[in-house]
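Reviewing the structure listed below.
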Amino acid sequence: MGEAVPRLDAARQREVVRALRAFLPERALLWREEDTRPYECDGLTAYRALPMVVALPETEAQVERILRTCSAMQVPVVPRGAGTGLSGGALPRPDAVLLSMAKFMRIRRLDPKARIAVVEPGVRNLAISEAAASWGLYYAPDPSSQIACTIGGNVAENSGGVHCLKYGLTVHNVLALRGFTMAGEPIALGSEALDSPGYDLLALAIGSEGLLVVVTEVTVKLLPKPQAARVVMASFDDVEKAGEAVAAVIAAGIVPAGLEMMDRPATRAAEDFVHAGYDTEAAAILLCEADGTPEEVEEEIARIEAVLKGAGATRLTVSRDEAERLRFWSGRKAAFPAVGRISPDYYCMDGTIPRKKLGEVLRFIGELEKKYGLRCPNVFHAGDGNLHPLILYDANDPEELRRTEQFAAEVLEKCVEVGGTITGEHGVGVEKIDQMCVQFGAEELETFHAIKRAFDPQGLLNPGKAVPTLARCAEYGRMHVRGGALPHPELPRF
Amino acid sequence: MLDTRGHAGVVAYEPSELVVTARCGTPLAELERLLVEHGQMLAFEPPHFGPGATVGGCVAAGLSGPRRASTGAVRDFVLGVRVLDGRGRELSFGGRVMKNVAGYDVARFLAGSMGTLALLLEVSLKVLPRPPAERSLRLEMDETSALEAMNRWGCEPLPISATAWAAGVLTVRLSGAQAAVRAAAAKIGGEPLAEDEARRFWEAVREQTDPFFSGDAPLWRLSVPSVASPIALAGRQLIEWGGALRWWKTAAPAAEVRAAAAKAGGHATLFRAAEKSGGAFAPLSPELEKLHRALKKVFDPAGILGPGRMYPEF
Ligand SMILES: Cc1cc2nc3c(=O)[nH]c(=O)nc-3n(C[C@H](O)[C@H](O)[C@H](O)COP(=O)(O)OP(=O)(O)OC[C@H]3O[C@@H](n4cnc5c(N)ncnc54)[C@H](O)[C@@H]3O)c2cc1C
């Protein structure tokens with residue numbers, strides 16, 4: 001690739017620390033290796049790098065000065081929330097300041113009547129719903145990582161959850177953002193009204209992977225909590241039948257609150273881990289939830305059961321009470337860590353496909369398991385076509401990591417081929433940057449770079465992520481023709 | 001003037017995927033008829049403002065109808081676009097799947113940009129099933145009570161899909177499962193509207209053919225937080241979106257209307273008027289104006305697409 005991997009320069013580090021120390025308290029700066037080591041990666045542990053400096057600002061004024069200082073000194077800045085991201089979006093650089101927003105933990109205002117919460121970006125996703133619970137309200141997007149991930153990270157990735165088919169993604173549930181551009185200029189996007197004058201900059205900022213703005217305040221929409229919810233667990237003896245059952249539910253005019261699928265290896269791993277009561281003999285299980293008033297739930301559950309039966313479900317269980325409903329979901333929500341127990345490492349992919357292509361893509365993944373000699377359980381946000389194949393590998397074996405990356409690349413390119421996308425919710429980061437060259441042409445990529453320049457002319461905010469340079473694509477294209485074998489697979493690919 | 005109506009037709013529609021892709025010149029009415037045949041709909045309930053409305057115009061204008069407050073706006077349902085930018089380059093953003101975070105979300109960003117950034121060639125939209133049951137209720141209430149009621153109901157899990165208040169009468173539409181609509185109707189009370197009458201009423205609100213919209217006074221659209229207190233201007237008012245949209249037929253000076261909207265935490269657009277020389281849209285902050293100019297340059301460096309259509313400066 002074009003860019004050389006930068007190295008940590010001790011003299012430069014001293015200079016930057018001195019400049020930031022001029023206005024930041026000592027506790028807000030880390031630069032000794034033992035202190036910065038915990039920040040070397042996010043949830044994508046295959047990629048690691050030590051940051052030059054970690055800054056932990058506590059006020060917006062400090063964020064602004066950090067950005068102004070770094071802009072003046074030409075130091076790149078990498079924003080970070082809780083570091084649960086799965087695409088390396090918060091991966092540090094040895095020549096950059098890692099800007100941790102972890103201390104922005106206050107809920108500034110919660111207005112139950114207006115159904116909004118104004119929160120700082122370091123507030124955990126679940127903490128918003130917990131704070132709203134006493135008014136019968138909640139924040140709808142619920143990524144499986146919701147106990148740990150921050151709303152700032154959610155905004156940057158446009159995160160989804162198991163309920164987003166009905167309730168939308170982050171972009172559908174955020175009303176306004178405040179923050180700073182890399183130059184340290186304050187910006188406010190959106191409002192507490194339902195729209196704002198001018199272009200929809202909110203839509204651009206959400207999902208921009210920390211490349212356009214540093215977010216310091218998020219206004220989210222709160223929804224009234226449904227009175228009741230029940231989930232149907234259905235077994236299928238064939239994965240494709242389960243896929244067709246999903247289509248049948250949608251075709252019947254039902255928009256379930258959640259519609260998730262797990263194949264047998266994923267089901268077994270989850271069952272061993274949390275004892276959710278899953279059918280471990282089924283080729284795949286579906287979890288299909290209805291919510292609303294008790295009467296509405298009964299009506300919908302009956303329709304869902306009839307459709308699933310008609311689609312060939314071999315077993316149907318409906319949750320009888322809230323405890324059982326949560327138990328059924330616990331296995332799905334813990335699917336990643338459960339898979340983590342059966343393998344030293346796992347590599348989580350995130351393609352979205354038209355649902356009707358599910359069978360084709362799963363067959364393809366099955367063939368790749370054989371080709372690369374690696375196992376790959378699948379969990380699937382079936383309702384919206386977002387597939388998470390989990391390749392099991394051992395990171396201590398560089399050869400296995402290399403095969404894993406090739407496996408992943410082939411799956412993502414397949415997703416594009418069948419009309420889908422390389423990432424449904426985890427973002428491009430550093431991980432899928434090469435596949436961006438497959439999904440987009442040079443002119444779209446150029447447009448992305450131009451948008452980046454409109455916000456950050458110096459290109460200092462989270463550089464090297466999300467959008468590949470055209471030079472990089474040219475090189476990847478060449479390599480790809482040779483069979484996808486990357487030189488120096490052990491090096492992090494910035 | 002570029003007439004896009006020749007570029008018409010639905011390119012792909014798979015009801016079980018909840019996605020439809022249509023060329024920009026496809027008549028909106030034709031697309032909606034196709035969706036109805038499959039029990040589906042454009043959930044943002046777009047206004048047509050005449051028989052000639054096209055899919056591209058609908059997305060470019062970014063206007064949503066009565067269902068907006070409960071289900072979302074046009075931009076919430078845009079999944080992907082194919083466009084021609086100001087340099088004549090054909091570009092594709094987003095796609096035909098529900099979740100897609102590859103690259104900046106340019107497709108949503110272009111919704112509502114009034115054709116000033118790119119010419120839409122094709123759009124992919126998320127569609128939803130039509131609700132199995134629908135019922136509209138009418139209640140007599142003054143403005144303060146109506147605002148209070150709409151916001152109170154908004155805090156409860158009720159299947160309200162539209163609200164409209166004018167001249168002391170609040171109309172509420174419920175949509176959803178039979179049981180949910182029945183339970184909510186009992187809770188809200190009021191007089192039920194006959195099915196036909198209800199359909200005509202919501203269509204007239206959406207299309208602005210309701211008598212409220214007649215007359216020569218300028219029509220202002222005030223988008224404010226739903227909980228904003230009553231806004232006092234000379235003239236007549238129609239409130240939608242649970243309180244978040246306040247239409248005013250008023251001859252009050254633009255500065256007064258804009259100040260009232262800003263004070264309420266929102267913004268005002270001069271929606272229809274004989275005289276629009278003062279600009280239709282609320283002015284932007286200097287930081288945002290700078291970003292708008294920069295983004296306009298990205299898509300249309302020569303400034304040939306709808307110059308001055310949104311703001312005189314670009
Ligand atoms: C077990 C597990 C399950 C998961 N399940 C889901 C799931 O169901 N759905 C889903 O969508 N994701 C899921 N994720 C991925 C991850 O949790 C989300 O992407 C989450 O939004 C990241 O939040 P974070 O606070 O950890 O952000 P980080 O990982 O710290 O950062 C993510 C990105 O956000 C940027 N960023 C962070 N804060 C700011 C800020 N204030 N301003 C600007 N940029 C910022 C960073 O630069 C980076 O690019 C899962 C991850 C794990 C480990």
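Each reported figure results from applying straightforward, stated rules to the coordinates on display, with no laboratory input. Not measured: the values here are computed from a predicted model. We place every Cβ from the backbone using ideal geometry, glycine too, and count neighbours over all the protein chains shown.
What order do you get for B:Val55, A:Val171 when you list them from fewest to most C-beta neighbours inside 10 Å?
Numbers: B:Val55 29, A:Val171 22.
Lowest count first: A:Val171, B:Val55.
Please compute the average number of Cβ atoms from other chains found within 10 Å of each residue's Cβ in peptide B:287-300. Walk me through the intermediate numbers first.
Working: counts 5, 8, 1, 4, 11, 5, 1, 6, 8, 2, 3, 9, 3, 0.
Per residue, the number of nearby Cβ atoms from other chains is 5 on average.
Calculate how large, on average over all directions, the projected area of the Cα convex hull of chain A is; give the answer in nm² to one decimal. Write down the numbers at each step before the final one.
Numbers: hull surface 90.0 nm².
Computed as one quarter of the Cα hull surface, the answer is 22.5 nm².
Suppose we keep just the alpha-carbon trace of the range A:1-76; what are its Rg and Dmax in angstrom?
Answer for the range A:1-76, Rg first and Dmax second: 13.2, 39 Å.
At a 4.7 angstrom Cβ threshold, list every cysteine in chain A that has nobody to pair with, or say none.
A:Cys41, A:Cys70, A:Cys149, A:Cys164, A:Cys288, A:Cys348, A:Cys376, A:Cys415
Relative contact order, percent, of chain B when contacts are C-alpha pairs under 8 Å separated by at least 6 residues? Walk me through the numbers on the way to the answer.
Working: 623 pairs, mean separation 50.3, N = 314.
Reported relative contact order: 16 percent.
Any idea which of B:Asn151, B:Gly65, B:Leu35 is furthest toward the positive side of the dipole for the range B:26-151, if Lys and Arg beta-carbons carry +1 and Asp and Glu beta-carbons -1?
B:Leu35
Restricted to Cα positions, what overall size does the range B:171-248 have along the principal axes? Three whole-Å values, descending.
Rounded to whole Å, the extents work out to 42, 28, 18 Å.
Based on the Cβ-Cβ distance from B:Ala302 to A:Arg320, what FRET efficiency comes out when R0 is 56 Å, to the nearest 0.05?
Once rounded, the FRET efficiency stands at 0.30.
Consider all pairwise Cα distances in the range A:204-284 and report the whole-number % of them above 21 Å.
Details: 1775 of 3240 pairs.
Everything past 21 Å amounts to 55 percent.
Net charge near B:Gly168, counting Lys/Arg +1 and Asp/Glu -1 over other residues with Cβ under 13 Å of its Cβ?
Working: positive: B:Arg138, B:Arg236; negative: B:Glu140, B:Asp142, B:Glu143.
Value of the local net charge: -1.
Which order do A:Arg80, B:Arg206 fall in if you start with the one that has the fewest other Cβ atoms within 10 Å?
Working: A:Arg80 28, B:Arg206 22.
Least crowded to most crowded, the residues run B:Arg206, A:Arg80.
Identify the residues of the range B:277-300 with backbone N under 19 Å of a label point that sits 7 angstrom from the Cα of A:Arg453 along the Cα-to-Cβ direction, or state none.
In the range B:277-300, the label zone of A:Arg453 (backbone N under 19 Å from the point 7 Å along Cα→Cβ) covers B:290-300.
For B:Pro211, what charge total do you get from the other residues with a beta carbon under 11 Å from its beta carbon, if Lys and Arg give +1 and Asp and Glu give -1? Intermediate values should be presented prior to the final figure.
Details: positive: B:Arg236, B:Lys249; negative: B:Asp210.
Around B:Pro211, the charge tally is +1.
Cut-off is 10 Å between beta-carbons; in what order do A:Arg268, A:Arg402 appear when sorted fewest neighbours first? Present the calculation step by step, with values, prior to reporting the outcome.
Numbers: A:Arg268 19, A:Arg402 16.
So the ranking, lowest neighbour count to highest, is A:Arg402, A:Arg268.
Take the Cα coordinates of the range A:328-409, assign each an equal point scatterer, and use the Debye formula without solvent to give log10 I(q)/I(0) at q = 0.18, 0.19 Å⁻¹.
Cα-only, vacuum Debye calculation for the range A:328-409: -0.76, -0.84.
Report the Cα centroid-to-centroid distance between the range A:404-432 and the range B:223-276 in angstrom, as an integer.
Value for the Cα centre distance between the two parts: 46 Å.
Over what distance in Å are the Cα centres of the range A:164-213 and the range A:284-357 separated?
31
Taking the Cβ-Cβ separation of B:Ser229 and B:Ser285 as r and a Förster radius of 25 Å, what is the calculated FRET efficiency to the nearest 0.05? Let's see the in-between values first.
Details: r = 24 Å, r/R0 = 0.96.
Step by step, r from the Cβ atoms, then E = 0.55.
Using θ = phi - 60° and the Karplus form 6.51 cos²θ - 1.76 cosθ + 1.60, what ³J(HN,Hα) does each residue of the range B:216-224 get, whole Hz, x for Gly and Pro?
7, 4, x, 9, 10, 10, 10, 9, 9
Using r as the Cβ-Cβ distance of B:Ala259 and B:Glu313, and R0 as 22 Å, what FRET efficiency do you calculate, to the nearest 0.05?
Numbers: r = 22 Å, r/R0 = 0.98.
So, using R0 = 22 Å, E works out to roughly 0.50.
What pairs in A:Lys166/B:Lys296; A:Lys166/A:Lys371; A:Lys241/B:Lys99; B:Lys99/B:Lys290; A:Lys371/A:Lys452 have C-alpha atoms more than 28 Å from each other?
Result: A:Lys166/B:Lys296; A:Lys166/A:Lys371; B:Lys99/B:Lys290; A:Lys371/A:Lys452 exceed 28 Å.
Can you work out ³J(HN,Hα) from phi for every residue in the range A:226-243, in order, using Karplus 6.51 cos²θ - 1.76 cosθ + 1.60 and θ = phi - 60°, giving whole Hz and x for Gly and Pro?
x, 5, 9, 8, 9, 10, 9, 10, 10, 9, 10, 8, 8, 5, 5, 4, 4, x
How high is the relative contact order of chain A, in percent, counting Cα pairs under 8 Å that sit 6 or more residues apart? Before the final figure, lay out the partial values.
Working: 1038 pairs, mean separation 70.8, N = 494.
Contact order relative to length: 14 percent.
Counting partner chain Cβ atoms within 10 Å of every residue's Cβ in B:86-99, what's the average? Working shown, then result.
Numbers: counts 0, 1, 0, 6, 3, 6, 5, 4, 1, 7, 6, 15, 14, 18.
Mean inter-chain Cβ contacts per residue within 10 Å come to 6.
Share of antiparallel DSSP beta bridges in chain A, in percent to the nearest 5?
Roughly 90 percent of the beta bridges in chain A run antiparallel, per DSSP.
Using θ = phi - 60° and the Karplus form 6.51 cos²θ - 1.76 cosθ + 1.60, what ³J(HN,Hα) does each residue of the range B:144-154 get, whole Hz, x for Gly and Pro?
4, 5, 5, 4, 5, 5, 4, 6, 5, 4, x
How crowded by other chains is B:124-133, given as the mean number of beta carbons from other chains within 10 Å of each beta carbon? Don't skip to the end; give the middle numbers.
On the way: counts 0, 0, 3, 0, 3, 6, 1, 2, 5, 1.
Rounded to a whole number, the mean comes out at 2.
Mind listing the long-range amide H neighbours of B:Ala12? Cut-off is under 5 Å, sequence gap 5 or more, other chains count too, H placed in the peptide plane at 1.01 Å from N.
Sorted by chain and number, the residues that satisfy this are B:Thr21.
Quote the charge dipole size of the range A:194-348 about the Cα centre in Debye, to the nearest 20; the model charges only the Cβ of Lys and Arg (+1) and of Asp and Glu (-1).
Values: 15 positive and 26 negative charges, 64 e Å.
Taking the Cα centre of the range A:194-348 as origin, the dipole is about 300 debye.
What is the gain in length, in nm to one decimal, between A:Lys371 and A:Ala11 on full extension, counting 0.36 nm per residue of separation less the C-alpha to C-alpha distance?
Working: separation 360, 0.36 × 360 = 129.60 nm, distance 4.80 nm.
Gain in length upon complete extension: 124.8 nm.
What does the charge count around A:Asp111 come to, taking other residues whose C-beta lies under 13 Å from its C-beta (Lys +1, Arg +1, Asp -1, Glu -1)? If you can, show how the numbers build up before the last one.
Values: positive: A:Arg108, A:Arg109, A:Lys113, A:Arg115, A:Lys221; negative: A:Glu192.
Taking every Cβ under 13 Å from that of A:Asp111, the sum is +4.
Can you give the Rg/Rh ratio of the range B:10-129, where Rg is from the C-alpha atoms and Rh is the Kirkwood radius?
That ratio equals 0.93.
What does the charge dipole of the range A:205-256 about its Cα centre add up to, to the nearest 20 debye, if the Cβ of each Lys and Arg holds +1 and the Cβ of each Asp and Glu holds -1? Walk me through the numbers before you get to the answer.
Numbers: 4 positive and 6 negative charges, 80 e Å.
Computed charge dipole of the range A:205-256: roughly 380 debye.
Taking a cut-off of 21 Å, what percent of all Cα-Cα pairs in the range B:133-211 are separated by more than that? Don't jump to the answer; show the numbers that get you there.
Values: 696 of 3081 pairs.
Here the tail beyond 21 Å accounts for 23 percent of pairs.
Mind checking which of B:His48, B:His267, B:His292 has the largest fluctuation in a GNM of chain B, springs on alpha carbons under 10 Å?
Looking only at B:His48, B:His267, B:His292, the biggest GNM fluctuation is shown by B:His292.
Counting C-alpha atoms alone, how compact is the range A:257-386: give Rg to one decimal and Dmax as a whole number, in angstrom.
15.4, 51
Starting from the Cα of A:Thr280, step 7 Å along the direction of its Cβ; do the same at A:Arg363; then give the gap between the two resulting points in nm.
It works out to 3.0 nm between the two label points.
Name the residue farthest towards the positive end of the dipole of the protein assembly as shown from the options B:Ala102, A:Val231, B:Gly189, assuming +1 on Cβ of Lys and Arg, -1 on Cβ of Asp and Glu, about the Cα centre.
So the residue we want is B:Ala102.
Could you size up the charge dipole of the protein assembly as shown around its Cα centre, putting +1 on the beta carbon of Lys and Arg and -1 on that of Asp and Glu, and report it in debye to the nearest 20?
1320
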